[in-house]
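Student: Structure incoming, see below.
No value in this document is a laboratory result; all are computed from the given coordinates. Here the structure is a predicted model, which means the values were calculated and not measured. With ideal geometry, Cβ positions are generated from the backbone for all residues, glycine too; neighbour counts draw on all protein chains shown.
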Amino acid sequence: MASGYAFRADGRYFVLAERHKSKETLGVYDVLDSYKLIRHFPLPTVSLSSLSLSPTGDHLAVWEGPFEYKLYILNLAGSTIATFSPDRDPGFGIRCVAWHPNGMFLAVGGWDDKIHVLDNLSWSPIVTFQLSSRVPNSAKVWREPSKWLEATEGRGFLSCDVIYHTVATSPEGH
């Protein structure tokens, strides 16, 4: 499991994925009350990969392991609000999940090189990006100058260097 725990942004609650009697569960603990367990409920997952708490602290995304592309959205009371799985299951699971800073959107990236952006009203994709393993020859690639952080003491701006030679990756990612 990549990350089976999270703190709510205000620091009040700590959520922890647990396994009891071969069942995946989630514990919600009150940090201000000596980590007292306030809620415990079963998760809809079969093989939990990870979890991510929304920045607002009212939604929790949990997703299956590497062989199933399925994401569940739950509230902290334990109710499943939505389930997301692409129309065509790519055969591999979810690679990463990231919340928009205000919690209105959730980006879900899979091993199929697609990123689905879900909205928090319908929990359905509003856009899907197809990533390419090749950088087109016409693309300009910019690089930060070496030692820019030291040169500006972390407070300044420097112009970036343009790389004029062709940059491409092979389909294998090498």
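Student: Modelled label-to-label distance, Asn102 and Asn75, 7 Å Cα→beta-carbon offset: nm?
Tutor: 2.2
Student: Another question, then. Can you pull out the chymotrypsin sites (Phe, Trp or Tyr not before Pro) in segment 46-101 whose DSSP state is coil and whose Cβ has at most 16 other Cβ atoms within 10 Å? Don't skip to the answer; put the middle values down first.
Tutor: Details: sites: Trp63, Phe67, Tyr69, Tyr72, Phe84, Phe92, Trp99; in loops: Phe67, Tyr69, Phe92.
Listed in order of number, the matching sites are Phe67, Phe92.
Student: Sticking with this one: From the mean inverse distance of alpha carbon pairs (Kirkwood) and the Cα radius of gyration, derive Rg over Rh for segment 41-84.
Tutor: The Rg/Rh ratio comes out at 0.94.
Student: What's the FRET efficiency of Ser132 with Asp89 using the Cβ-Cβ distance as r and R₀ = 22 Å, to the nearest 0.05?
Tutor: The pair Ser132/Asp89 has a calculated efficiency of 0.55.
Student: Moving on to the next point. Throw me the Rg/Rh for segment 8-71, computed over C-alpha atoms with Kirkwood Rh, two decimals.
Tutor: 0.99
Student: Let me ask another. Mean separation of Cα pairs under 8 Å and 6+ residues apart, divided by the residue count of segment 1-64: what relative contact order is that in percent?
Tutor: Answer for segment 1-64 is 30 percent.
Student: With each pseudo-label sitting 7 Å past Cα toward Cβ, what's the Leu121-Thr25 distance in nm, one decimal?
Tutor: 3.8
Student: Please compute the contact order of segment 1-107 in relative form: average sequence separation of alpha-carbon pairs under 8 Å and at least six residues apart, divided by the residue count, as a percent.
Tutor: 19
Student: A further question on this structure: Could you state the per residue volume, in Å³, of the convex hull enclosing the Cα atoms of segment 10-136? Kindly include the intermediate steps, with their values, before the conclusion.
Tutor: Values: hull volume 14.8 nm³, N = 127.
Spread over its residues, the Cα hull of segment 10-136 gives 116 Å³ apiece.
Student: Report the gain in length on full extension from Ser34 to Ser146: 0.36 nm times residue separation, minus Cα-Cα distance, nm rounded to one decimal.
Tutor: Fully extending the segment from Ser34 to Ser146 adds 35.7 nm.
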